[in-house]
Amino acid sequence: MRIVRWGIIGCGDVTEVKSGPGFQKADGSALVAVMRRDGERAREYAARHGVPRWYSDARALIDDRDVDAVYVATPPSSHLEIALQVAAAGKPCLVEKPMAMSHAECERMVDGFAARGVPLWVAYYRRALPRFLKVRELLEAEAIGRPTSVHVQVTDRLAGGEVLSNWRFDPSVAGAGLFFDLASHCVDLLDFLIGPVREARGCPLNTGGAYRAEDVTAVSFVLADAVAATGIWNFNAGEKTDCITFTGTRGRLTTPVFADSDVTLTTDGENRVFPIRNPPHVHQPLIQSIVDELAGRGRCPSTGASGARASWVLDRCLDRL
């Protein structure tokens, strides 16, 4: 197809800057329709972003003949149902992360798209960002020697007040708590940068009692060819931290996951800093890879299969398997 015409289901906050404009600015891509259950807000979004059509019903957008591919940007509780409707319509689909409420749901999605012979991708957009492509390049070039261990540390203060009304704190909608939402990016990066997680164990705790979901989760992993990994996601901490540290036989490599700050390579006691910044619309490089794949000139690195692997790890960490 010459131009991939996209429809978005669920035009909430993530689509305002992070993803939505990327569908308009990627080469060979156009955003032609959006959907939100609140029709007035869908209309306002379409007017604000110059989108020609809007809907308040997901099925109507999916059935729109001028929509070639669908981006599902709703909370995880609706991903399975909507994605399977997109598959039944025979249209390619990009679904937000976490991919679904559980690994079992992810498998149903993968099977549904495979049965129709259409592609499914997951919005782990960090796989296409320049920062993490550089980290992968350094690791593959053995800039730190052979990687032997990895540590992830993400901390923040305990949430309270109005912020707790956000769906991310409601396990019935989000799948779990902030670990499920934020650690999914970290787990997927480990898969992308080192290799698939072969073993995972976790200890989810609720230490603050501010909401029903876990607020501290400690995990241990085995990655790829015998690389040990640990992680702590502490959302009841006194400070905010955000770092993955890769340790190898010759040095150390550190990068933030969420912050837009530097990658640092340390070898022989000396630091080399890579000041790589994110593009204005962080989903755009991943969107471009999807458009390129549909045009037959590339492959998107974040598939339904890789997204399902991340969900398997999350389920293990939350002691749900």
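Considering only the stretch 98-111, how many residues are touching a residue at least 24 places away in the same chain (Cβ under 8 Å) and either of a type in the set (S, T, N, Q) or open to solvent by 20 Å² or more (accessible area, probe 1.4 Å) (or both)?
Residues of the stretch 98-111 that are touching a residue at least 24 places away in the same chain (Cβ under 8 Å), as a first pass: 98-103, 105-110.
Next cut, either of a type in the set (S, T, N, Q) or open to solvent by 20 Å² or more (accessible area, probe 1.4 Å) (or both) only: 101-103, 105, 107-108, 110.
Here the count works out to 7.
Answer with yes or no whether THR155 is of a type in the set (S, T, N, Q), under 19 Å from THR241 (Cβ atoms) and open to solvent by 20 Å² or more (accessible area, probe 1.4 Å). Write out each step before concluding.
Details: of a type in the set (S, T, N, Q): yes; under 19 Å from THR241 (Cβ atoms): yes; open to solvent by 20 Å² or more (accessible area, probe 1.4 Å): no.
No.
Please name all residue pairs, on different chains or six or more residues apart, with Cβ atoms under 7 Å, provided the first residue is in the stretch 160-182 and is within 17 Å of TRP233 (Cα to Cα) and among the aromatic types (Phe, Trp, Tyr) and the second residue is part of a helix (DSSP H, G or I) and open to solvent by less than 50 Å² (accessible area, probe 1.4 Å).
From the stretch 160-182, the pairs are PHE180/ALA174; PHE180/LEU314.
Can you give me the number of residues within the stretch 267-321 that are hydrophobic (A, V, I, L, M, F, W, C) and free of Cβ contacts under 8 Å to residues at least 60 places away in the same chain?
Narrowing the stretch 267-321 to residues hydrophobic (A, V, I, L, M, F, W, C): 273-274, 276, 282, 286-287, 290-291, 294-295, 300, 305, 308, 310, 312-314, 317-318, 321.
From the residues that got through so far, the ones that are free of Cβ contacts under 8 Å to residues at least 60 places away in the same chain too are 273.
Within the stretch 267-321, residues that are hydrophobic (A, V, I, L, M, F, W, C) and free of Cβ contacts under 8 Å to residues at least 60 places away in the same chain number 1.
Right, GLY195: among the small types (Gly, Ala, Ser), surrounded by fewer than 20 Cβ atoms within 10 Å (Cβ to Cβ), over 20 Å from the mean Cα position of the chain (by Cα) and at pLDDT 95 or above or not? I'd like the intermediate steps shown before the answer.
Numbers: among the small types (Gly, Ala, Ser): yes; surrounded by fewer than 20 Cβ atoms within 10 Å (Cβ to Cβ): yes; over 20 Å from the mean Cα position of the chain (by Cα): no; at pLDDT 95 or above: yes.
The answer is no for GLY195.
Looking for whichever is in contact with a strand residue (DSSP E or B) (Cβ under 6 Å, 6 or more places away or on another chain), of a type outside the set (Phe, Trp, Tyr) and surrounded by fewer than 21 Cβ atoms within 10 Å (Cβ to Cβ) here; the options are LEU164, LEU205. Which one fits?
Working: LEU164 fails: in contact with a strand residue (DSSP E or B) (Cβ under 6 Å, 6 or more places away or on another chain).
Testing whether each residue is in contact with a strand residue (DSSP E or B) (Cβ under 6 Å, 6 or more places away or on another chain), of a type outside the set (Phe, Trp, Tyr) and surrounded by fewer than 21 Cβ atoms within 10 Å (Cβ to Cβ) leaves just LEU205.
Report, by residue number, each residue of the stretch 271-301 that is open to solvent by 30 Å² or more (accessible area, probe 1.4 Å), of a type in the set (A, V, I, L, M) and within 30 Å of ARG2 (Cα to Cα).
Scanning the stretch 271-301 gives LEU294, ALA295.
Of all residues in the stretch 60-79, count the ones that are outside any helix (DSSP H, G or I), open to solvent by less than 10 Å² (accessible area, probe 1.4 Å) and farther than 15 Å from ILE290 by Cβ. Step through it out loud before you land on a result.
Initial filter on the stretch 60-79 (outside any helix (DSSP H, G or I)): 64-75.
Filter once more, keeping what is open to solvent by less than 10 Å² (accessible area, probe 1.4 Å): 67, 69-72.
With the extra rule that they be farther than 15 Å from ILE290 by Cβ, the set shrinks to none.
Within the stretch 60-79, residues that are outside any helix (DSSP H, G or I), open to solvent by less than 10 Å² (accessible area, probe 1.4 Å) and farther than 15 Å from ILE290 by Cβ number 0.
Of the residues VAL118, VAL150, VAL135, only one is open to solvent by 10 Å² or more (accessible area, probe 1.4 Å), among the hydrophobic types (A, V, I, L, M, F, W, C) and touching a strand residue (DSSP E or B) at 6+ places or on another chain (Cβ under 8 Å); which?
Result of the check over VAL118, VAL150, VAL135: VAL118.
For residues that are open to solvent by 30 Å² or more (accessible area, probe 1.4 Å) and in contact with a strand residue (DSSP E or B) (Cβ under 9 Å, 6 or more places away or on another chain), tally how many sit in the stretch 208-223.
Taking the stretch 208-223 and keeping what is open to solvent by 30 Å² or more (accessible area, probe 1.4 Å), we get 208-210, 212, 218, 220, 222.
This time we only want the ones that are in contact with a strand residue (DSSP E or B) (Cβ under 9 Å, 6 or more places away or on another chain), so: 208, 218, 220, 222.
Total meeting the criteria: 4.
In the list ASP260, ASP315, ASP319, ASP268, which residue meets the criterion of being open to solvent by less than 30 Å² (accessible area, probe 1.4 Å) and charged (D, E, K, R)?
Working: ASP260 fails: open to solvent by less than 30 Å² (accessible area, probe 1.4 Å); ASP319 fails: open to solvent by less than 30 Å² (accessible area, probe 1.4 Å); ASP268 fails: open to solvent by less than 30 Å² (accessible area, probe 1.4 Å).
Going through ASP260, ASP315, ASP319, ASP268 in turn, the sole match is ASP315.
For the stretch 238-257, enumerate the residues that are touching a Lys or Arg at 6+ places or on another chain (Cβ under 9 Å), crowded, with 18+ Cβ neighbours inside 10 Å and over 16 Å from ARG126 (Cβ atoms). Can you show your working first?
Of all residues in the stretch 238-257, those touching a Lys or Arg at 6+ places or on another chain (Cβ under 9 Å) come to 238-240, 245-246, 248-250, 255-257.
Now drop any that are not crowded, with 18+ Cβ neighbours inside 10 Å, which leaves 246, 248, 255, 257.
Selection gives GLY248 alone.
Answer with yes or no whether LEU120 is touching a Cys at 6+ places or on another chain (Cβ under 6 Å), at pLDDT 95 or above and over 29 Å from LEU265 (Cα atoms). Write out each step before concluding.
Numbers: touching a Cys at 6+ places or on another chain (Cβ under 6 Å): yes; at pLDDT 95 or above: yes; over 29 Å from LEU265 (Cα atoms): yes.
Yes; evaluated as a whole, the condition is true for this residue.
Got at least one residue in the stretch 80-89 being surrounded by fewer than 18 Cβ atoms within 10 Å (Cβ to Cβ), modelled with pLDDT of 95 or more and touching a strand residue (DSSP E or B) at 6+ places or on another chain (Cβ under 6 Å)?
Scanning the stretch 80-89, I find no residue that is surrounded by fewer than 18 Cβ atoms within 10 Å (Cβ to Cβ), modelled with pLDDT of 95 or more and touching a strand residue (DSSP E or B) at 6+ places or on another chain (Cβ under 6 Å), so the answer is no.
When the stretch 9-55 is examined, which residues are found to be in contact with a helix residue (DSSP H, G or I) (Cβ under 6 Å, 6 or more places away or on another chain), in contact (Cβ under 8 Å) with a residue 40 or more places away in the chain, open to solvent by less than 10 Å² (accessible area, probe 1.4 Å) and not in a helix (DSSP H, G or I)?
Of everything in the stretch 9-55, those that are in contact with a helix residue (DSSP H, G or I) (Cβ under 6 Å, 6 or more places away or on another chain), in contact (Cβ under 8 Å) with a residue 40 or more places away in the chain, open to solvent by less than 10 Å² (accessible area, probe 1.4 Å) and not in a helix (DSSP H, G or I) turn out to be ILE9, CYS11, ALA26.
The values are calculated or read from the model by the stated rules, or taken from the named source; none is laboratory data. Remember, it's a predicted structure, so these values are computed and weren't measured experimentally. Positions of Cβ are generated from backbone atoms using ideal geometry, with glycine treated the same way; all protein chains shown enter the neighbour counts. The accessibility values were calculated without ligands, DNA or RNA, using every heavy atom of the protein model including side chains. Shrake-Rupley method; radii C 1.70, N 1.55, O 1.52, S 1.80 Å.
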